[in-house]
Every structure is written in C-alpha cells, then in structure tokens.
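The block underneath contains the structure these notes are about, expressed in structure tokens.
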Amino acid sequence: VGHAFDKNKKACNITKKNALSNDVNQRLTIFHHDLSSFYKKTSTTYDLIVSNPPYISLENYNNLLPEVKKWEDREALTDNKDGSYFIEYIFSHYLSLLNKNGLKITPKDKNGHYSGGYKHINSVYFI
C-alpha cells in the first residue's frame, strides 16, 4: 500500500492513469496536496519515502535547454533560489514519518549536495 502526493493536479491525474495502467491503483492512494499540507495531515509512517522535489537552483534553471523547460513546469524544477529548500524541508520534517530502518530515496546533484548531513539515514540517491 502506498501514498503519493503532488500539489499539481495534472501530475496527480497522470499518476492515477499510470497506477491504473500498471494495475496498482488498488494499492495506491493519491493526494492533491503540497509538501507542507500533506505532512501536517498525515500520521502514517513509511518504510520507504521516494521524493523528486524541485532541486535545481534558479541559476541552473535559467541555463536549462528550452526542451526541458517546455516539458516540465517551472515549479517542478526549481525553488527559485538555490534549489535546496524542498530537500531541506523533507529532511527536517518527513524523516519523522520514516519507520526505523526505513529507506529514503531522493535526487542529488553531482556534488552530492542534498544529503543534508543526515548520516544516520538509510538513503539512496539518484542523479
């Protein structure tokens, strides 16, 4: 059983469609919430947290290829600052929702920035 959430209604609808086509729709609940409202409303703990929040700095966003900007909404890519806001929010709030020995999967940049110094957390990073 899993939960998915996104503040973008279109992304929620795509997730629903994908869940249906992969026959997992009975095991997935999709919420239309932003990061902070979902955190405040849930008391569920998880064995696995997968996140792909906006993590590109505004400077790097401005240098992205036009094709990338056309495909993804700006708010899905950048926090309009240094790219760390949502990652830090997840580390400072969502880890309380992670079961002991749970696993968190999140993106990182080529310099390894998004670990947040949380060495005690079982983490898998993807680039």
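Computed extension gain for residue 62 through residue 13, at 0.36 nm per residue and net of the alpha carbon distance, reaches 14.8 nm. Let me check against my output: what whole-number percent is the relative contact order of region 36-87, with C-alpha pairs under 8 Å and at least 6 apart? Result for region 36-87 is 46 percent. Taking 29 Å as the limit for the C-alpha separation, the pairs 70/100; 17/41; 40/81; 41/70; 16/69 exceed it in the case of 70/100; 41/70.
Which of rounded, prolate or oblate describes region 1-51 when judged by the alpha-carbon gyration tensor and an a/c cut-off of 1.5? Oblate shape, in that a/c is at least 1.5 and b/c is the bigger or equal ratio. Each residue, residue 103 and residue 82, gets one label point 7 Å from its Cα in the Cβ direction; the gap between the two is 3.1 nm.
A simple spin-label model places pseudo-atoms 7 Å from Cα toward Cβ; at residue 1 and residue 73 they are separated by 2.8 nm. Which of rounded, prolate, oblate describes region 14-83, given a ≥ b ≥ c as roots of the alpha-carbon gyration tensor eigenvalues and a/c under 1.5 marking rounded, otherwise prolate only if a/b is larger than b/c? Judged from the Cα gyration tensor, region 14-83 comes out oblate (a/c at least 1.5, b/c at or above a/b).
Read-outs throughout are calculated quantities, based only on the coordinates presented, and are distinct from any laboratory measurement. Note that the structure is predicted; figures quoted are calculated from it, not measured. Ideal geometry is used to build each Cβ from the backbone, glycine not excepted, and the neighbour counts take in all protein chains shown.
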